[in-house]
Every structure is written in structure tokens, then in C-alpha cells.
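The values are calculated or read from the model by the stated rules, or taken from the named source; none is laboratory data. Keep in mind it's a predicted model, so treat the numbers as computed, not measured. Virtual Cβ from ideal backbone geometry, glycine too; neighbours counted across all protein chains shown. For the accessible areas, the whole protein counts, side chains as well, though only heavy atoms, and no ligand, DNA or RNA atoms are used. Shrake-Rupley method; radii C 1.70, N 1.55, O 1.52, S 1.80 Å.
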Amino acid sequence: MKTLIHPTAVIHPDAELHPTVEVGAYAVIGPQVKVGADTTIGPHVAIEGCTEIGARNRIFPGAAIGFEPQDLKYSGASSLTKIGDGNTIREYVTINRATGEGEATAIGNDNLLMAYVHIAHNCEIGDRVVITNTVQLAGHVRIENHARIGGVLGIHQFVHIGELAMVGGMTRIDRDVPPYMLVEGNPSRVRSLNQIGLKRAGISPDDLSLLKKAFRLIYRSEETFKQALEQLTDLPQTPYLLHLSEFLRQSITGDRRGPIPGRRRDSSPE
């Protein structure tokens, strides 16, 4: 019979592991950890804190999940780490729990976090997101579904990245990345629509054509950013366009960092 728990693993008796969970050599799992069915925990993985991990996850060697946030405001609050189903968490990924009482660092389903990715306190990651090697997320970063983040870059705290956005490798991300856009550079700029990603996601030709019109209005017309945002309401209000408009409107509110501009000066919200 197959042995699912390596004899050198240290698992607290209060931890709740589904009988189908596999645990590798020298892994350490704390008392408040819950792990769902068919999840594989590799050698030397450490999981602590109030951490909930769903089913069918693959956690590779050296990952550290649920430890205290690297935040000077943290004062021992009972905070959470929540990870959904079907995620692949590669070597030496670090995922810190949230800072405040009852708050959570949350990761959805079917994501790929490549080696050495850092997910800081209070981050929220949706579903089917790909984050490439050595990407560092500061606190309170939010990434929507199907986004793609290139490697070797940092993301500033409180930044939001929209669904189906593509961020090129080594890009400096210190402001919001609008949905459906391709962003690259230092300083970062919106270069184009993420057309390849949109087509792979199955967007219809009509919806793609409409997003192209919105892109040209916001980033290539003579209108100011705020004028272009108002004129978006003149276009057919499809779900894609509504989400883009709402994301941009929220991005220019007082508690957000504002969207990354395009190549022309008047595409900036400032």
C-alpha cells in the first residue's frame, strides 16, 4: 500500500488533512492547517497559521505558506490564508497571511505560481492567473482572472491588475493595469490590447472590435483620459466594456493609485 505521509514529515495532530493528501520528506504542517483531497505537498514545504488549502493542489519543494506577514503593523492578529483548488505552487513560493484580525490573503483556483514568487499580506488572486518566476507582490495587490504576469518584476502595494491583462517581464508596476491591456516597460505603459490573450479566451470578433475602439479612444485619440472615459458610454455596453469602464473609474478614486497611462501624454488620468 502506498504511504502518503513521509515518515520524516512533522504534522501537528490538530492539522486536518484529507486522507488522500500526500506529504513529502521534512515537510512541516502547523495545527491550524486544513488541506483538501488529492493535494500534494512536496519535500521541505512549511505551512503555518490559520491556512485553508483546497483540493488537487500541487505544492513544490521549499514553499512557505501562511506565515506572519512582513508588515510592521502586524501585532499578532488571527488572520487567514485561503487557497482554492487546482493550483500549482512551484519551488520556494512564499505566501504570507493577512495583517488584520479576520482578514485573508486569498488565492482562487487553477493558478500557476512559478518559482520564487512572493505573495504578500492581504493579496487577492482570482482564477487561472499565471505569475512567472521571481515576481514579488507587495501587500493588498489584487489580480483578476486570467491575467498573465511576466517574470522578474515587482508590483507596488494596493495595485490592481485587471482580467486578461498581460504584463511583460521586468516591467515596473506601480499603478493599476487595466483589463485586456498589454503593459510593458520602465516606466510602464499600455502598449496595446492583449489580443492574443483575448482570442485564446474565446472572445467574439464583435467584442474584440469594440475593445479595439475603446483602446483607440482612451490611448490614441486627442481626448483627455477623463473625456475618453465619459465617451465610452457612447459605445455598446457589453460586459467587457462595462468591466473596463468600471475598472478605470474605480482606479481614479482617491484610495487607488490610478491606471498606467498609454504612450501619449494625454492618456494619463493626471
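Put +1 on the Cβ of each Lys and Arg and -1 on the Cβ of each Asp and Glu in the chain; which of Ile252, Gly150, Asn96 then has its Cα farthest toward the positive end of the dipole?
Going by the Cα projections, it comes out as Gly150.
Per residue, how big is the convex hull of the range 109-232 when only Cα atoms are used? Give it in Å³.
Dividing the Cα hull volume of the range 109-232 by its residue count gives 102 Å³.
Rounded to whole Hz and in sequence order, give me ³J(HN,Hα) for the range 54-69 from the Karplus expression 6.51 cos²θ - 1.76 cosθ + 1.60, θ = phi - 60°, writing x for Gly and Pro.
So the J values, rounded to whole Hz, are x, 9, 6, 8, 10, 10, 8, x, x, 5, 10, 10, x, 7, 3, x.
Report Rg (one decimal) and Dmax (nearest whole number) for the range 186-270, counting Cα atoms only, units Å.
When restricted to the Cα atoms of the range 186-270, Rg and Dmax are 12.7, 36 Å.
Whose amide H sits under 5 Å from the amide H of Leu17, counting only residues 5 or more places off or on another chain, with H placed in the peptide plane?
So Leu17 has HN proximity to Val35.
Take the Cα atoms of the range 82-146, find their three principal axes, and give me the spread along each one in whole Å, biggest first.
29, 20, 16
Can you compute the charge dipole magnitude of the chain about its Cα centre, using +1 on each Lys and Arg Cβ and -1 on each Asp and Glu Cβ, nothing else charged? Give it in debye, rounded to the nearest 20.
Roughly 980 debye for the chain.
In whole Hz, with x marking every Gly and Pro, tabulate ³J(HN,Hα) for the range 189-196 from phi via Karplus 6.51 cos²θ - 1.76 cosθ + 1.60, θ = phi - 60°.
So the J values, rounded to whole Hz, are 9, 6, 8, 5, 5, 7, 5, 5.
Given the rule -39500 (n - 2.57) for each run of at least 4 DSSP H residues, summed and divided by the residues of the chain, what is its mean residue ellipticity at 222 nm, to the nearest 500 deg cm²/dmol?
Rounded to the nearest 500, it is -4500 deg cm²/dmol.
I need the peptides 9-17, 142-150, 255-263 ranked by packing, meaning the mean over residues of other C-beta atoms within 10 angstrom, with the highest value on top.
142-150, 255-263, 9-17
With θ set to phi - 60° and the Karplus curve 6.51 cos²θ - 1.76 cosθ + 1.60, what are the ³J(HN,Hα) couplings of the range 122-135 in order, to the nearest whole Hz, using x for Gly and Pro?
6, 6, 10, 10, x, 10, 6, 8, 10, 10, 7, 3, 6, 7
Using R₀ = 51 Å, calculate the FRET efficiency as 1/(1 + (r/R₀)^6) where r is the Cβ-Cβ separation of Ala77 and Thr233; round to 0.05.
Rounded to the nearest 0.05, the efficiency is 0.75.
Using a probe of 1.4 angstrom, how much of the accessible area of the range 102-201 is carbon and sulfur, in percent?
C and S fraction of accessible area: 49 percent.
Using modelled backbone amide H atoms (1.01 Å from N, in-plane), which distant-in-sequence or interchain residues come within less than 5 Å of Ile107's amide H?
Lys82, Ile83, Gly84, Ile125
From the protein chains alone at 1.4 Å, what is the descending order of accessible area for Met181, Met170, largest first?
Met170, Met181
Can you give the % of DSSP beta bridges in the chain that are antiparallel, to the nearest 5?
10 percent
Could you compute how fast the range 1-122 diffuses translationally, taking Rh as the Kirkwood radius over C-alpha pairs and applying Stokes-Einstein at 37 °C with viscosity 0.692 mPa s? Give it in µm² per second.
For these conditions, the coefficient is 234 µm²/s.
May I ask for the distance between the Cα centers of the range 35-83 and the range 176-205, given as a whole number of Å?
The range 35-83 and the range 176-205 have Cα centres separated by 31 Å.
Using only the alpha-carbon atoms, how far is helix 205-219 inclined from the longest principal axis of the chain? Give it as 0 to 90 degrees, nearest 10.
Tilt relative to the chain: about 70 degrees.
Check Ile5: other-chain or 5+ apart residues with amide H under 5 Å from its amide H, H built from backbone geometry?
Val23
Write down the radius of gyration of the chain and its Dmax, each obtained from C-alpha positions, in Å.
20.3, 70
If I stretch the segment between Asn186 and Glu246 completely, what's the gain in nm (0.36 nm per residue apart, minus their alpha carbon distance), one decimal?
19.0 nm
What is the angle, in °, between the Cα long axis of helix 239-251 and the longest principal axis of the Cα atoms in the chain? Nearest 10 is fine, range 0 to 90.
90 degrees
Taking the Cα centre of the range 111-204 as origin and charging only Cβ (+1 Lys, Arg; -1 Asp, Glu), how large is the dipole, in debye to the nearest 20?
Approximately 280 debye in magnitude.
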